[in-house]
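Written below as structure tokens is the structure these notes are about.
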Amino acid sequence: MKRRHRLPFGAEVCGDTGVRFRLWAPCAESVDLRLEDAADRLIPLGRLDGGWFELTTREASAGSRYRFRIDGETDVPDPASRFQPLDVHGPSEVVDPCAFDWNDEHWRGRPWEQAAIYELHVGTFTAEGTFQALERKLDYLCDLGVTAVELMPVADFPGRRNWGYDGVLAYAPDSSYGRPEDLKRLVQAAHNKGLMVFLDVVYNHFGPEGNYLRCYAPQFFTDRYHTPWGEGINFDGPESRTVRDFFIHNALYWVQEYHLDGLRLDAVDAIRDESQPDILTELAQAVREESGDDRSGNDRFIHLVLENGDNAASYLPHDRGSRVQAYSAQWNDDIHHALHVLITGESDGYYSDYARHPLEQLARCLTEGFAFQGEYSEFHRAYRGECSAHLPPSAFVSFLQNHDQIGNRAFGERILQLAPPQAVKAAMEILLLAPMPPLLFMGEEFGATSPFLFFCDFSGALAAAVTEGRRNEFARFAKFNSPETRERIPDPSGEETYLRSKVDWTSLAVEPHASWLLLYRSLLSIRQQVVVPHIKSVSCARTMFCDPGRGGLSITWSCADGTLLELAANLGNSTLTSPHRPRGQQFYSSTQATAQAFLQGQLPSLSVVWSVTKSGTD
């Protein structure tokens, strides 16, 4: 089976007519194709209306390496390159997507309510750091019980190591991980094992090195808006139509040509667009209309997920049958922050917004989605969020760890270095069995102790600036107020920083790592067997009992068929007397002693009990 997304730009193999090359260069007077073969030839592209240049030639074929020469002076890679064998400053390679034979035509994905997501970084998940090595780990992930693998961004970035958020060539899987066909084989293998594959994509900025667009298409950018990374992307100004199409086609390219099951859009609150529909709405419509997802009457499931610090619930509409209309869900930082404060006691930075009422905010996340639904944020110094209580629980991705929450710490500490193991266990007993789709970060499931540090591979003055900037980020924290202390923060550009971030798989053979893995496997198995069948029918939720001073929490989710899912949790340090005893059958308790005590109206410290009452049960 062949899969191909036809791009209106870049290099497209056209059979007998050769290869069509197309570049939007509205500020260029001339564009030549430089074929980097033995003859190193230059062939002019013809000028079209609207700033486009185009050429179809039999002089090129799949495997040809090429660049565009702008105004007879500057050689640049193709911004829609499908592969960069020699990194971001090198030539692009013509790729024929029809050369890959897919054998997963049976695969239609999985419903969103089945999602249990495993986020990983391709370069540090295995010793080799490649797509092929990751493919060999798929059986482990299946045995763990997750249903989706989420790859941190793979779009081509400068150097050999990067988190992925400094990508500059959005269509080219980074060569340090392998070739395009290696990524396709990974996706295919995952599908054949029942795993979905999601990709993290970055549409809010380009990285600081290797972006040549300003040489010939500065219309991609605007100084009317600014982001944490510089000037904004031009999604709503003059000549923005092509810019919008570039990113919309990128989303379609990944879900069609690579058969991915979904995308996670990074930090969309940094995207400014005053047009109607805005770029996020138009992109979601295009993916759902052109890719044959289940909403359009076909049976392929495609899931779009947002990271959005604005808590904009309006991007998450569902119809009366709880069917997704645009984006399936949003990463819910609120539930992470509330839980983190509860089990660690930290209150610096953005945790300050959760320091006074963390248990109540956790309860609101579990019952209504966001903790901030228009309330004033002292940290952001603004009103934050929109009402989310009308949305189903499946619209909010929950987690206790992810790449940001670990990697944005100065020393990349994981949660078990910050909180007591029993508190972490109780938190995960809540998150992995609640109706919200959970997300794990690589190694979390066995209590990995290896850090996940911020790393990159820039050179020269940029590398020095990144190192200095990284260390100065923490100057506002009391424990980093001295230059000597900040010097201890790992150098992002150092290879050792990257190597320290590799997952240590040898620890699986020893305690307590083996026991953590058993716990996560058990919870994920129970989730699929007991919780998932009811998620789609959850109609409402309410907090029955909340004792914020002592850590007590009891929540009931009601399902359309009359089934009740009930949680009783004690995140405090002393035994509680529970005024509310569920009528249903316990399907999970932290320990056997917890189960027995709960039947007597007691809930021990740092313990959790889950019960289900079937429809018609007295």
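Laid out as a table, the results:
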read-out	value
Where a residue in the range 116-129 is assigned by TED's automatic domain parsing to the domain that holds ASP261 and its partner, wherever it lies, is in a strand (DSSP E or B) and of a type in the set (D, E, K, R), with Cβ under 6 Å and at least six apart	ILE117/GLU150; GLU119/GLU150
Some residue of the range 111-129 being within 19 Å of the chain's Cα centre (by Cα), closer than 24 Å to MET1 by Cβ and surrounded by 22 or more Cβ atoms within 10 Å (Cβ to Cβ)	no
Some residue of the range 144-153 being under 14 Å from ASP261 (Cβ atoms), among the hydrophobic types (A, V, I, L, M, F, W, C) and assigned to a loop (DSSP other than H, G, I, E, B)	yes
Flag if ARG34 is closer than 18 Å to TYR253 by Cβ and either in contact with a strand residue (DSSP E or B) (Cβ under 7 Å, 6 or more places away or on another chain) or modelled with pLDDT under 95 (or both)	no
Selection within the range 459-516 - in contact with a Ser or Thr (Cβ under 8 Å, 6 or more places away or on another chain), among the β-branched types (Val, Ile, Thr) and at pLDDT 95 or above	VAL503
Per-region count, the range 378-394, residues part of a loop (DSSP other than H, G, I, E, B) and polar (S, T, N, Q)	1
Where ARG185 falls short, out of the listed (1) more than 20 Å from the chain's Cα centre (by Cα); (2) more than 26 Å from PRO111 (Cβ to Cβ)	(2)
One residue from GLU128, GLU113 being assigned to a helix (DSSP H, G or I) and either out of contact with any Pro (no Cβ under 9 Å at 6 or more places or on another chain) or more than 30 Å from ASP40 (Cα to Cα) (or both)	GLU113
Single residue of SER539, SER578, SER554 found to be free of Cβ contacts under 8 Å to residues at least 24 places away in the same chain and of a type in the set (Gly, Ala, Ser)	SER539
Where a residue in the range 492-503 is assigned by TED's automatic domain parsing to the domain that holds GLU468 and in contact (Cβ under 8 Å) with a residue 60 or more places away in the chain and its partner, wherever it lies, is part of a helix (DSSP H, G or I) and of a type outside the set (Gly, Ala, Ser), with Cβ under 7 Å and at least six apart	SER501/THR124; LYS502/THR124; VAL503/THR124; VAL503/PHE125
In the range 438-465, residue surrounded by the most Cβ atoms within 10 Å (Cβ to Cβ) [restricted to those that are under 30 Å from LEU564 (Cα atoms) and in contact with a helix residue (DSSP H, G or I) (Cβ under 6 Å, 6 or more places away or on another chain)]	GLU445
In the range 395-445, residue farthest from ALA514 (Cα to Cα) [restricted to those that are among the small types (Gly, Ala, Ser) and either over 16 Å from the mean Cα position of the chain (by Cα) or assigned to a loop (DSSP other than H, G, I, E, B) (or both)]	ALA410
Residue match in the range 571-592 (condition: exposed (fewer than 14 other Cβ atoms within 10 Å of the Cβ), among the β-branched types (Val, Ile, Thr) and farther than 28 Å from ARG521 by Cα)	yes
Residues (modelled with pLDDT under 90 and within 34 Å of the chain's Cα centre (by Cα)) located in the range 563-589	none
When residues of the range 57-94 are limited to those that are closer than 19 Å to TRP254 by Cα and hydroxyl-bearing (Ser, Thr, Tyr), the one surrounded by the fewest Cβ atoms within 10 Å (Cβ to Cβ)	SER81
Subset of the range 512-557 that is charged (D, E, K, R) and more than 26 Å from the chain's Cα centre (by Cα) - its residue that is surrounded by the fewest Cβ atoms within 10 Å (Cβ to Cβ)	ARG542
Segments classed as strands (runs of 3 or more DSSP E), wholly inside the range 521-612, with at least 1 members that are farther than 23 Å from GLY145 by Cβ	538-547, 552-559, 564-570
Any hit, the range 332-339, residues being modelled with pLDDT under 95 and of a type outside the set (Ser, Thr, Tyr)	no
Verdict on ASP261 being surrounded by fewer than 22 Cβ atoms within 10 Å (Cβ to Cβ), outside the structural domain of VAL95 (by TED's automatic domain parsing) and not polar (S, T, N, Q)	no
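The values are calculated or read from the model by the stated rules, or taken from the named source; none is laboratory data. Given the structure is predicted, the values throughout are model-derived calculations rather than measurements. In this analysis, Cβ positions are derived from the backbone assuming ideal geometry, glycine residues included, and neighbour counts consider all displayed protein chains.
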